[in-house]
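Enquirer: Have a look at this one before I ask anything.
Values quoted throughout were computed directly from the atomic coordinates according to the rules given, and no laboratory measurement underlies them. Predicted model, so just to flag it, every value in this text is computed and none were measured. No Cβ is skipped: glycine too gets one built from the backbone with ideal geometry, and neighbour counts run over all protein chains shown.
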Amino acid sequence: MGTFNFNEKVTAGIIGDNGTINIGQQEGAAQTLRLAAELAQWLREQDADPGRIRAADELHGELDRAAQQGRPAEPGLIRRSLETITLGLGAGSGGLALAQEISRLLTN
């Protein structure tokens with residue numbers, strides 16, 4: 001259990017935009033976007049199936065648009081993209097590791 005001391009009366013003015021408190025990793029969106037770009041590049045370098053590359057580009061594009069618009073990424077598109085990308089990737093491959101880390105960051 002954690003204790004958070006704000007040292008003054010808690011109001012929307014000190015909490016942040018729209019009365020939300022952000023606790024935790026704040027660079028998560030930028031890190032996820034960077035990993036999505038790395039995943040797309042890795043697939044290109046591996047001469048992956050064009051469908052996987054397209055899914056990686058869609059994933060990266062959705063994460064980028066969501067970040068620019070200040071909204072969460074569309075979960076259905078993210079899930080479909082990651083499923084398409086990871087289907088048949090070897091255990092322990094760089095691509096699978098990147099996809100798993102993206103998934104982990106998006107679910108935290």
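Enquirer: Take Arg54 and Arg34, extend 7 Å from each Cα along the Cα→Cβ direction, and tell me the distance between the two endpoints in nm.
Expert: 3.1
Enquirer: Can you work out the FRET efficiency for the pair Gln69 and Arg104, with r the C-beta to C-beta distance and R0 = 35 Å, to the nearest 0.05?
Expert: For R0 = 35 Å, the calculated efficiency reads 0.95.
Enquirer: How far apart, in nm, are the 7 Å Cα→Cβ label points at Arg80 and Ser93?
Expert: 2.2
Enquirer: Can you tell me which of 64-74, 30-40, 46-56 comes out highest on packing, and rank the rest after it, using the mean Cβ neighbours within 10 Å?
Expert: Highest-to-lowest ranking by the protection proxy: 30-40, 46-56, 64-74.
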